[in-house]
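The values are calculated or read from the model by the stated rules, or taken from the named source; none is laboratory data. As the structure is a prediction and not an experimental result, all values here were calculated from the model. Every residue, glycine as well, gets a Cβ built from its backbone with ideal geometry; the counts of neighbours run over all protein chains shown. Heads up: the accessible areas ignore ligands, DNA and RNA and are worked out on the full protein's heavy atoms, side chains in. Shrake-Rupley method; radii C 1.70, N 1.55, O 1.52, S 1.80 Å.
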Amino acid sequence: MFNIKEKMERIVGKTNVSDSRLDKLSYSTDASSKSGHPLLIIWPTDREEIKNIIKTALNNKYDLVPRGAGTGLCGGCIPDESIVIDLSRMNHILKINPKKRTVIVEPGVTVNELNNALKKYNLIFPIKPASHKIATIGGMIATNAAGMHAIKYGKTKNWIEEIEIITGEDKTYNTMNIKSFCGSEGIFGIITQATLELTDLPKEHSYFHFKLNTPKELIDKVNEYRYNKNILSIEYIDRITSRLMKQDNRYHLIIEVSDDTGDIREEEEITKIETLREGIGASLGKEKFIIFEDPWIPPKYQEYFLEWLDKMRIPSFGHIGYGIFHPRFRKNHAEKIKKMFILVKKVGGTVSGEHGIGLSKKEYLSEKEKTKIRKLKKRYDPKNIFNRNKIIDMQPRGI
Amino acid sequence: MNNNETDKCTLCGMCKTNCPIYKNYLTESMGPRLKAIAEKKNLNNLTDQELSAIFINCTICSACKKECPNDVDLNISKMRSELIKRGIETDAGKEMIINIRKYGNPFGKVKKGQKFNKLYCC
Ligand SMILES: Cc1cc2nc3c(=O)[nH]c(=O)nc-3n(C[C@H](O)[C@H](O)[C@H](O)COP(=O)(O)OP(=O)(O)OC[C@H]3O[C@@H](n4cnc5c(N)ncnc54)[C@H](O)[C@@H]3O)c2cc1C
Ligand code: SF4
Ligand code: SF4
């Protein structure tokens, strides 16, 4: 009899399966500050291998955790004595169709790699999470990622024509049913391919940079610009973060437009403003604000939410034009986080605007949401082998 | 890595972006995030052989530091020096040291006009 490692080795080859201590340690975490225990790590290279891995897992009652770049912030890749499927090596751009403005990719392609390849056609895949240099298309579809340009381009789901997914029923779907699978955080199956829609590469961009004294002034300015057609992003930095960045005690609003109408047009000035934006994490990290949340707040309550964060001394920044805030917390701030999510629910917001539910935010899902997901889970992954206990708690594996 | 650096690291993985070793193997254990995990919480639980595998697989190019959103310096050269102080060294490194001591160069016995028998990479 072969053990599970040997069985998997027969599918993908000996060098593409590991249970070494170092590999297990490497795959015990993602960017969420949670950790777990992988049983095995497998690096498949095509859909046939994935099909056989799923079959073997089903027959032998093991559960699977799909993984892209592991930049997820809600613990979606954390294993629990599970087999981790690292999809980074399925990283081929299969077909660019400049006429139809579509591209077919494998799940391990990163957004940056894709956009570099599309440059010569003057096209882009416009969803740009701050992790775009390394985040994979598979991970972005699974989390329905948004990002800096969400106000103009929306979220990943708006840019998918077709998904190929192999589910826990051991079935392959080539589907336009984007709604069920985009944002499903790997709980139904493994996305093995996707056809993405593309748009024109913006020819130019420029910025406005406003410094404001109060949340009211900030929101008034956001409202002035929110519905302009040429807006690419509206980002803010709160005054606590501004102070930590050795700036002034004011709110900063950075507005990017897809033409040259912004005040900041020269390359040197553009670099300065982009450097300011990119330096946020480092300044907050230095002060140990390393936990990163992502509530979405309806426009009506955004001013109130900013005031509340300020009163609670919670530094924040985010894609305010799209309603996504990034309050940052220290490790011992669990109580503050809880209080914040209670407020988010109260004002009709959602606890996650872009990072997903995973392990971290399960407790905030409503019964209605849970019932809906449970129904889909029973349909697509009836044996509960995929990302067990992520988003919702279900029966143990193999039942 | 001093405590301030470890505290800043969120294990986000952005340091993999331009790591030449990670890009070649596309596996986490060859990239900088494992070095961060090791430095953050596991140094004492790892064997000498494991520590060597983690910190020797690196070109010390600092691309990880450049891409880190939290400005963390993994200080891999320092980690390597510590390992060498504890006698943990690659076979190539050991051979080069013997050659330098014996022949005054890392390549071993070299006759005038003759090519080196072996090139080393540490
Ligand atoms: C510094 C930083 C900045 C970030 N900024 C943003 C931002 O601006 N906007 C945003 O939306 N997110 C952001 N994120 C979060 C994260 O980058 C996104 O969620 C991203 O989409 C995850 O991609 P990944 O390849 O790393 O996926 P992973 O972390 O590897 O996986 C995420 C989830 O998707 C599942 N999954 C991965 N690949 C597949 C597949 N092929 N099939 C099925 N399931 C799969 C996993 O099981 C897991 O549940 C940020 C993260 C960091 C560290
Ligand atoms: S060193 Fe920096 S980039 Fe790498 S995991 Fe830590 S915080 Fe992220
Ligand atoms: S210094 Fe080492 S770990 Fe960092 S990017 Fe270069 S090779 Fe990778």
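Mind listing just one residue for me: the one in the stretch A:313-327 that is part of a strand (DSSP E or B) and open to solvent by 10 Å² or more (accessible area, probe 1.4 Å) and, of those, farthest from A:ILE231 (Cα to Cα)?
My answer is A:PHE317.
Any residue at all in the stretch A:128-135 that is away from chain B (no Cβ under 13 Å) and more than 30 Å from B:LYS41 (Cα to Cα)?
Yes, there is a match, as at least one residue in the stretch A:128-135 is away from chain B (no Cβ under 13 Å) and more than 30 Å from B:LYS41 (Cα to Cα).
Looking only at the stretch A:356-375, decide whether some residue is within 19 Å of the chain's Cα centre (by Cα), closer than 30 Å to A:ARG239 by Cα and surrounded by fewer than 19 Cβ atoms within 10 Å (Cβ to Cβ).
The answer is yes; a qualifying residue exists.
Determine which member of the set A:VAL103, A:VAL84 is more than 12 Å from chain B (Cβ to nearest Cβ) and open to solvent by less than 40 Å² (accessible area, probe 1.4 Å).
A:VAL103 is the lone residue from the list that is more than 12 Å from chain B (Cβ to nearest Cβ) and open to solvent by less than 40 Å² (accessible area, probe 1.4 Å).
Before we move on, is A:ILE41 more than 10 Å from ligand 1 (Cβ to nearest atom), open to solvent by less than 40 Å² (accessible area, probe 1.4 Å) and within 13 Å of chain B (Cβ to nearest Cβ)?
Yes.
Taking the stretch B:1-60 as the search range and keeping residues that are more than 16 Å from ligand 1 (Cβ to nearest atom) and acidic (Asp, Glu), which one is farthest from B:GLU89 (Cα to Cα)?
In this case the residue turns out to be B:ASP7.
Condition (residue is aromatic (Phe, Trp, Tyr) and within 23 Å of the chain's Cα centre (by Cα)) applied to the stretch A:204-217: is it met by at least one residue?
The answer is no; no qualifying residue exists.
Considering B:LYS94, B:LYS109, which residue is part of a loop (DSSP other than H, G, I, E, B) and without any contact (Cβ under 8 Å) to a residue 12 or more places away in the chain?
After ruling out the rest, the residue left standing is B:LYS109.
Please list, ordered by first then second residue, the pairs with beta carbon atoms under 8 Å, 6 or more apart or interchain, first in the stretch A:322-337 and within 14 Å of another protein chain (Cβ to nearest Cβ) and within 14 Å of A:TRP296 (Cα to Cα), second within 16 Å of ligand 2 (Cβ to nearest atom) and not in a loop (DSSP other than H, G, I, E, B).
Listed pairs, sorted by first residue: A:HIS326/A:PHE292.
Rundown of residues vs (1) more than 27 Å from A:TRP43 (Cβ to Cβ); (2) more than 10 Å from ligand 3 (Cβ to nearest atom); (3) within 14 Å of another protein chain (Cβ to nearest Cβ), yes/no style:
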{"position": "B:LYS16", "(1), (2), (3)": "no, no, yes"}
{"position": "B:ALA38", "(1), (2), (3)": "no, yes, yes"}
{"position": "B:GLU50", "(1), (2), (3)": "no, yes, yes"}
{"position": "B:THR90", "(1), (2), (3)": "no, yes, no"}
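Cβ-Cβ under 6 Å, sequence separation 6+ or interchain: first residue in the stretch B:56-73 and in a loop (DSSP other than H, G, I, E, B), partner within 12 Å of ligand 1 (Cβ to nearest atom) and open to solvent by less than 50 Å² (accessible area, probe 1.4 Å). Which pairs?
B:CYS68/B:CYS15; B:PRO69/A:GLY281; B:PRO69/B:MET14; B:ASN70/A:GLY281; B:ASN70/A:ALA282; B:ASN70/A:GLY285; B:ASP71/A:ALA282; B:VAL72/B:CYS9
Which one of these does B:LYS8 not meet: (1) touching an Asp or Glu at 6+ places or on another chain (Cβ under 8 Å); (2) more than 10 Å from chain A (Cβ to nearest Cβ)?
(2)
Of the numbered conditions (1) polar (S, T, N, Q); (2) open to solvent by 20 Å² or more (accessible area, probe 1.4 Å); (3) within 16 Å of ligand 2 (Cβ to nearest atom), B:THR6 fails exactly one; give the number of that condition.
Among (1) polar (S, T, N, Q); (2) open to solvent by 20 Å² or more (accessible area, probe 1.4 Å); (3) within 16 Å of ligand 2 (Cβ to nearest atom), the lone unmet condition for B:THR6 is (2).
Go through the stretch B:9-57 residue by residue and tally those that are at positive phi and within 14 Å of ligand 2 (Cβ to nearest atom).
Here the count works out to 2.
Going through A:ILE234, A:ILE280, A:ILE273 one at a time, which residue ends up being modelled with pLDDT of 95 or more and aliphatic (A, V, I, L, M)?
After applying the criteria, what remains is A:ILE234.
If we keep just the residues of the stretch A:46-70 that are in contact with a helix residue (DSSP H, G or I) (Cβ under 7 Å, 6 or more places away or on another chain) and β-branched (Val, Ile, Thr), which is least open to solvent (accessible area, probe 1.4 Å)?
A:ILE53
Going by the structure shown, is B:PRO69 open to solvent by 30 Å² or more (accessible area, probe 1.4 Å) and within 16 Å of ligand 1 (Cβ to nearest atom)?
Criteria met by B:PRO69.
So is B:LYS23 in contact with a helix residue (DSSP H, G or I) (Cβ under 9 Å, 6 or more places away or on another chain), within 16 Å of ligand 3 (Cβ to nearest atom) and either open to solvent by 60 Å² or more (accessible area, probe 1.4 Å) or more than 10 Å from chain A (Cβ to nearest Cβ) (or both) or not?
Spelling it out, B:LYS23 is indeed in contact with a helix residue (DSSP H, G or I) (Cβ under 9 Å, 6 or more places away or on another chain), within 16 Å of ligand 3 (Cβ to nearest atom) and either open to solvent by 60 Å² or more (accessible area, probe 1.4 Å) or more than 10 Å from chain A (Cβ to nearest Cβ) (or both).
I'd like to know if the stretch A:95-107 contains one or more residues that are over 20 Å from A:TYR380 (Cα atoms) and within 12 Å of ligand 1 (Cβ to nearest atom).
Checking the stretch A:95-107: at least one residue is over 20 Å from A:TYR380 (Cα atoms) and within 12 Å of ligand 1 (Cβ to nearest atom).
With respect to A:TYR173, is the statement that it is surrounded by 16 or more Cβ atoms within 10 Å (Cβ to Cβ), in contact (Cβ under 8 Å) with a residue 24 or more places away in the chain, among the aromatic types (Phe, Trp, Tyr) and not assigned by TED's automatic domain parsing to the domain that holds A:PRO44 true?
Against the criterion (surrounded by 16 or more Cβ atoms within 10 Å (Cβ to Cβ), in contact (Cβ under 8 Å) with a residue 24 or more places away in the chain, among the aromatic types (Phe, Trp, Tyr) and not assigned by TED's automatic domain parsing to the domain that holds A:PRO44), A:TYR173 does not qualify.
Which one of A:THR71, A:THR56, A:THR15 is among the hydroxyl-bearing types (Ser, Thr, Tyr) and in a loop (DSSP other than H, G, I, E, B)?
Checking each option against the conditions leaves just A:THR71.
Sort out which residues of the stretch A:41-61 are farther than 18 Å from A:ASN384 by Cα and of a type in the set (A, V, I, L, M, F, W, C), and write them in order of number.
Within the stretch A:41-61, A:ILE41, A:ILE42, A:TRP43 meet the criteria.
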